[in-house]
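Chemist: Questions regarding the structure given below will be posed in turn.
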Amino acid sequence: MTSLLDVSHLRMAFDTDRGKVVSVEDVSFSLRPGETLAIVGESGCGKSVTALSIMRLLGKNSRCEGGEIQFEGTDLMSLSDADMREIRGNRISMIFQEPMTSLNPVFTIGYQLTETIRLHLNQNKKQARASAIEMLRKVGLPRPEAIMGEYPFALSGGMRQRVMIAMALACQPKVLIADEPTTALDVTVQAQIMSLMKGLCEESGTAIILITHDLGVVAEMADRVIVMYAGQVVEEADVFQLFENPQHPYTQGLLQSIPHLDGFEEEERLVSIPGSVPARYSQAEGCRFANRCSLASERCRTQPPYAYVEEGHAARCWEAEAASEEEEAYA
Amino acid sequence: MRNSELKDAVGSASVRSAGEAAPLLELDALQKHYPVRRGLLNRPQSSVRAVDGVSLAVRQGEALGLVGESGCGKSTIGRAIVGLEKPTGGRILFEGEDMAGYSEAKLRNARTKLQMVFQDPYSSLNPRMTVGSLLAEPLRVHGIVPKPDAAREVDRLLDIVGLPRNSQDRYPHEFSGGQRQRIGIARALALKPKLIVCDEPVSALDVSIQAQVLNLLKDLQQEFDLTYLFIAHGLGAVRYISDRIAVMYLGKLVEVGPAKELFLRPKHPYTKALLDAYPVPNPQLRNRERIMLQGDAPSPADPPRGCRFHTRCPLATPQCRESEPELKGDGGHAAACFFPL
């Protein structure tokens, strides 16, 4: 299957008061039409920066230092601002974590929703209003006509996120980037929003890039998963492969450190990853996880290769690489 | 309703027989209503019923988990216990005595026994104070250790929570979220409390750091014979820490029971829905059967009549719309539902 979006060897740097910071380095992945790709990682691992660079929404102090982002055959990084605006919100759209801050508080829901539709779909006022109401109905909001005249403050967090989804999907984009879309919501509402998003995207054939830190959400939603750590992709796999047979010690640690609901034996302890993500990790040589890794050895002082261990399953770790070589030799 | 079964579940003062030891902390029909002021004269027009008659006992040495969605009143209960909110009704009994009747001096002493760890490790530490002075302040205020010994006591606290001793002279901004939460825990421990209210202590932290802090809390509980009221919406964390769990919905308790029992066999449809909605980190289970709730919880300013959950309950009947079910059950597991699962 050909891919819809190809990110290859992306490197993003920021100019800060304390010098240059490279927050994303050598990130590559591809997104196939209609699939849900999850990007997981902890705060500061570069997952949001990756998403924002696809949308070209990063500030002036950011710089793409290498790599490219191919969307349907065009390199997004080389497009003019005007051409990018055609794609943004129309072909690729995005929803954010905090639905209150991503809606404008001084305009009605109807105004903000029809603005998007009129801009991208060239509809007149009346048509746009009808499409907007239709979208609000689709995302399961009661009394859509009345909600058109409401301001964001009058809606609950869950309803605001539904409005955001309506806005993002109004133009039937090819790709929806959802950056922690349910983190600010309660679990019962999270479940509703997730199934709504999944259902609507399946209907319209929209591919989803789901950015999250919650492996539970990944397990429920994703087809494929990318795990990021300290600005790099450390593992990529099909969702079933990843949960059954994680290769990178970081992924293994993450999976083991989630308290599960099935219960615990009396003296059982949670497995935790010692230490924390190194600051200014881009200057580190070798494996960036080495200082927290129980398997770290001499060879981890040099950067491990990002190698495939099985079909569609890659990891950036010497251990994983050695294991797969042994297997090959055995075969 | 006042029977021995209920006593097991909530351990309410009114139903305890004479010889029994009082639980460490007890809430008796606790109520906190916030007035909603409107209009020209700014008169209270109505009230938000954040906590609306909650009776619950916390036993010495246990960890009681309090779960529920935002706005259900769980944090208000925690804040009322440590004295950050004044209840508008009901009683809080500490070691069997009503805290409302405490003298100033006695209240001050009781405060040292009831401490709190807050959710946000970024805003709960004064950015202008060094870690050393943050930790020494409660010792000084309550005269726990003589001044010359304060630094040594602070070192001891830092050791306990696993921070380097040279942290004393550093400021909160120099620490990561997980480390700051350790400082918050050290500060709560400074006064050698009996009960610590942990209000969402790990929800602001990254997954790999959450596990570290949860393990620390569990170790400290054993080492210092602490009692926890663990307030959280992350069910996995609550399950890991708690011996018993209480579930709240719109200011009321809907279910109380031993942690294992409650998670395995929830009785209240809301508890079931909450457990079902929790994303399970196992893709094999993604198509499991579950109750999916519709819509949002109603506003606590205008809670529905009858059972408060009836507007979202898949099993609601006319009875649920008319009258309010009381908490009842057996074997220490009680639910407020006419048709428990």
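Chemist: Pairing the Cα long axis of helix A:109-121 with the longest principal axis of chain A, what angle in degrees results, from 0 to 90 and rounded to the nearest 10?
Modeler: 80 degrees
Chemist: Summing Lys, Arg as +1 and Asp, Glu as -1, what charge do residues with Cβ under 14 Å from the Cβ of A:L76 carry, A:L76 excluded?
Modeler: Once positives and negatives cancel, what remains is -2.
Chemist: What pairs from B:K192/B:K218; A:K174/A:K198; B:K194/B:K267; A:K138/B:K252; A:K198/B:K260 go past 22 Å between their alpha carbons?
Modeler: B:K194/B:K267; A:K138/B:K252; A:K198/B:K260
Chemist: I'd like the orientation of helix A:187-204 relative to chain A: the angle between its Cα long axis and the longest Cα principal axis, in ° from 0 to 90, rounded to 10.
Modeler: That works out to roughly 80 degrees.
Chemist: Okay, moving on. Work out the length of the dipole vector of the range B:55-123 about its Cα centre, built from +1 on the beta-carbon of each Lys and Arg and -1 on the beta-carbon of each Asp and Glu, and round it to the nearest 20 debye.
Modeler: 140 debye
Chemist: Please report the net charge: other residues with Cβ closer than 14 Å to the Cβ of A:D238, K and R +1, D and E -1.
Modeler: Numbers: positive: A:R32, A:R224, B:R286; negative: A:E35, A:D223, A:E235, A:E236, A:E244, A:E310, A:E311.
Here the charged neighbours net out to -4.
Chemist: Next question, about the same structure. Check cross-link reach from B:K328 to the aspartates and glutamates: straight Cα distance under 12 Å, and skip same-chain residues fewer than eight apart.
Modeler: B:E5, B:D8, B:E255
Chemist: Next question, about the same structure. Measure nothing fancy, just the Cα-based angle from helix A:157-169's long axis to the longest principal axis of chain A, in degrees from 0 to 90, nearest 10.
Modeler: The helix A:157-169 is inclined about 90 degrees to chain A.
Chemist: How big is the charge dipole of the range B:101-218 about its Cα centre, in debye rounded to the nearest 20, if each Lys and Arg gets +1 on its Cβ and each Asp and Glu gets -1 on its Cβ?
Modeler: Taking the Cα centre of the range B:101-218 as origin, the dipole is about 460 debye.
Chemist: So who's got an amide H within less than 5 Å of the one on B:M248, skipping anything under 5 residues away but keeping other chains? H placed 1.01 Å off N, in plane.
Modeler: Here the answer is B:V67, B:G68, B:V254, since their amide H atoms fall under 5 Å of that of B:M248.
Chemist: Still on this structure, I have one more. Looking only at the range A:146-182, which residues have a backbone nitrogen under 16 Å from a spot 7 Å from the Cα of A:F107 in the C-beta direction?
Modeler: Once the point is set 7 Å along Cα→Cβ of A:F107, A:148-153, A:163-171 turn out to lie under 16 Å by backbone N, inside the range A:146-182.
Chemist: Let me spell out the model: positive unit charges on the Cβ of Lys and Arg, negative unit charges on the Cβ of Asp and Glu, origin at the Cα centre of the range A:5-222. What dipole size does that give, in debye rounded to 20?
Modeler: 760 debye
Chemist: To continue, here is another question. Under the rule that a partner needs its Cβ under 4.7 Å from the first Cβ, which Cys of chain B have none?
Modeler: So far as the 4.7 Å Cβ criterion goes, B:C72, B:C198, B:C313, B:C337 stand without a partner in chain B.
Chemist: Okay, next question. Please work out how much accessible surface B:F338 shows to a 1.4 Å probe, ignoring ligands, DNA and RNA, in Å² rounded to 10.
Modeler: 60 Å²
Chemist: For the full complex of protein chains and a 1.4 angstrom probe, list A:T74, A:T114 by accessible area with the highest value first.
Modeler: The residues order as A:T74, A:T114, largest area first.
Chemist: Straight distance only, please: which lysines reach the Cα of A:K60 with their own Cα at less than 25 Å, same-chain residues fewer than 8 apart left out?
Modeler: A:K20, A:K47
Chemist: Moving on. On the Cα set of chain A, report Rg and Dmax in Å, please.
Modeler: Using the Cα atoms of chain A, the pair Rg, Dmax is 21.2, 68 Å.
Chemist: Hey, how much of the P(r) for the protein assembly as shown falls beyond 52 Å, as a percent of Cα pairs?
Modeler: Summing the P(r) of the protein assembly as shown above 52 Å gives 13 percent of all pairs.
The values are calculated or read from the model by the stated rules, or taken from the named source; none is laboratory data. Computed from a predicted model, the values in this text were never measured in an experiment. Neighbour counts run over all protein chains shown; Cβ positions are idealised from the backbone, glycine included. With ligands, DNA and RNA removed, areas are computed over all heavy atoms of the protein, side chains included. Shrake-Rupley method; radii C 1.70, N 1.55, O 1.52, S 1.80 Å.
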